[in-house]
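Structure record follows, encoded as structure tokens.
The values are calculated or read from the model by the stated rules, or taken from the named source; none is laboratory data. This is a predicted model, so every value here is computed, not measured. A quick note on method: Cβ atoms are made from the backbone with ideal geometry, for glycine too, and the neighbour counts reach across all protein chains shown. SASA here: full protein model, heavy atoms, side chains in, ligands and nucleic acids out. Shrake-Rupley method; radii C 1.70, N 1.55, O 1.52, S 1.80 Å.
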Amino acid sequence: MNDELQSLFNDLIQLEHVSSTLYLAMSASMGKQNFTGIAHWLRLQSEEERTHMLTLLDFVVDRDGTVQINSIPAQPNDFGTPLETFQKVLSHEQYVTNTYRQAYNYVNSIDPQAALIIQDFLREQIDEEAQAKTIIDRLKLAENNPSALLLIDQELGARTNAATPPAAG
């Protein structure tokens, strides 16, 4: 694995590491507000991002590259209302999508195998953004109706596991 490709994959590992920590902080914030279902959903999202990080890490190791785990910035401890929190989720997922798109555009011409890994993550981002948009739309419908908000919280709490990692090319 050349230095540029190794650096790019280490940046993606860092992105997923930050994402995992961000969603864990969001989970704690929602838990503090007693939105236990939303907190559960976000905790599983954190686990999913960690799984992505490990998939990328394994790819670098399998290609005889060097993994560089860097420190991550401290996360806020308050993300606002559930609606504000999921608006931040969507914004973050859009950033992740853009980062993977740029990585894919670069890697596609120099390493088709690496491009397949990135393409799998890009494919998953379609669902990540769609889920966030759907939750935002439902939270907007609920507005200030506590009963509706509690139903959404209960529904999000029914999530049973983090999504499986993208299949390796």
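In the stretch 155-169, which residue that is out of contact with any Ser or Thr (no Cβ under 9 Å at 6 or more places or on another chain) and at pLDDT 85 or above is least open to solvent (accessible area, probe 1.4 Å)? The residue in question is LEU156.
Kindly check whether there is at least one residue in the stretch 56-78 that is touching a Gly at 6+ places or on another chain (Cβ under 9 Å) and over 28 Å from ASN2 (Cα atoms). Steps first, please.
Step one: list which residues in the stretch 56-78 are touching a Gly at 6+ places or on another chain (Cβ under 9 Å), which gives 59.
Next, only the ones that are over 28 Å from ASN2 (Cα atoms) stay: none.
Scanning the stretch 56-78 turns up no residue that is touching a Gly at 6+ places or on another chain (Cβ under 9 Å) and over 28 Å from ASN2 (Cα atoms).
Of the residues in the stretch 139-150, none is closer than 20 Å to SER29 by Cα, surrounded by 14 or more Cβ atoms within 10 Å (Cβ to Cβ) and basic (Lys, Arg).
Please work out if ALA132 is closer than 15 Å to GLU49 by Cβ and either touching a helix residue (DSSP H, G or I) at 6+ places or on another chain (Cβ under 7 Å) or in contact (Cβ under 8 Å) with a residue 60 or more places away in the chain (or both). Quick ask: steps written out before the conclusion?
On the way: closer than 15 Å to GLU49 by Cβ: yes; either touching a helix residue (DSSP H, G or I) at 6+ places or on another chain (Cβ under 7 Å) or in contact (Cβ under 8 Å) with a residue 60 or more places away in the chain (or both): yes.
So ALA132 passes the test.
Would the stretch 5-15 turn up any residue that is closer than 18 Å to LEU139 by Cβ, hydrophobic (A, V, I, L, M, F, W, C) and under 15 Å from the mean Cα position of the chain (by Cα)? Within the stretch 5-15, none of the residues are closer than 18 Å to LEU139 by Cβ, hydrophobic (A, V, I, L, M, F, W, C) and under 15 Å from the mean Cα position of the chain (by Cα). Scanning the stretch 57-113 for residues that are open to solvent by 30 Å² or more (accessible area, probe 1.4 Å) and within 30 Å of ASN144 (Cβ to Cβ) returns GLN75, PRO76, ASN77, ASP78, THR81, LEU83, GLU84, GLN87, LYS88, SER91, GLN94, TYR95. Restricting THR21, THR51, THR55, THR66 to those that are touching a residue at least 24 places away in the same chain (Cβ under 8 Å), among the polar types (S, T, N, Q) and within 30 Å of LYS140 (Cα to Cα) reduces the list to THR21.
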